[in-house]
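The values are calculated or read from the model by the stated rules, or taken from the named source; none is laboratory data. Since the model is a prediction, treat every value here as computed from it, not as a measurement. Please note: Cβ atoms are built from the backbone with ideal geometry, for glycine as well, and neighbour counts cover all protein chains shown.
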Amino acid sequence: MESIVLQTNDGKKVVTKPATDPTLYDAPHNPPNTGTKYTRGIDLKVHKARSGVDYFYFYHWSMWQGEDSNYYLCTNKEAEQFLLDKMAGGYHDRPSPEEVELASEYGINLLEETA
């Protein structure tokens, strides 16, 4: 199982396990009848550290030869805003009901009205 080491702003190491860390948003991978629109994307994952702290991180991927994929940490607020932006997107871009429910387990309540 591959581990990816990310570093927080204050220098702490976060050893993520992308294959097993929960995915809060899985970007569409070239669904039917979309041409090349979905050949790159950003997934949102969460890693629970041994300390019990949840660390959210993005995985930027590409199906294009020569484009590297990369991982980077984000704040809880950035993760929430990312998901809110996706909720307003097109059919293929929206988080699934399972992803919305999983996000709420990590404190991101997308369907809770705050207006």
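Things worth noting here:
- Taking the stretch 93-104 as the range and being surrounded by 15 or more Cβ atoms within 10 Å (Cβ to Cβ) and part of a helix (DSSP H, G or I) as the test, the residues that pass are Asp93, Glu99, Val100, Leu102, Ala103.
- Residue match in the stretch 4-23 (condition: under 24 Å from Leu110 (Cα atoms), modelled with pLDDT of 95 or more and not in a loop (DSSP other than H, G, I, E, B)): yes
- Any chance Ala27 is hydrophobic (A, V, I, L, M, F, W, C), surrounded by 12 or more Cβ atoms within 10 Å (Cβ to Cβ) and assigned to a loop (DSSP other than H, G, I, E, B): yes
- Restricting attention to the stretch 44-57 and to residues that are surrounded by fewer than 18 Cβ atoms within 10 Å (Cβ to Cβ) and not basic (Lys, Arg), the residue that is nearest to Glu2 (Cα to Cα) turns out to be Ala49.
- Filter pass, His60 being in contact (Cβ under 8 Å) with a residue 24 or more places away in the chain and either of a type in the set (Asp, Glu) or not in a loop (DSSP other than H, G, I, E, B) (or both): no
- Flag set for Lys77, criterion: part of a helix (DSSP H, G or I), of a type in the set (Lys, Arg) and within 17 Å of the chain's Cα centre (by Cα).
- For the stretch 44-59, a residue qualifies if it is closer than 20 Å to Asp93 by Cβ and either modelled with pLDDT under 95 or among the aromatic types (Phe, Trp, Tyr) (or both), and the qualifying residues are Phe56, Tyr57, Phe58, Tyr59.
- Picking from residues in the stretch 74-115 that are of a type in the set (Gly, Ala, Ser) and more than 18 Å from Val46 (Cβ to Cβ), the one that is modelled with the highest pLDDT is Ala88.
- Failed item, numbered, when Thr39 is tested on (1) surrounded by 14 or more Cβ atoms within 10 Å (Cβ to Cβ); (2) at pLDDT 90 or above: (2)
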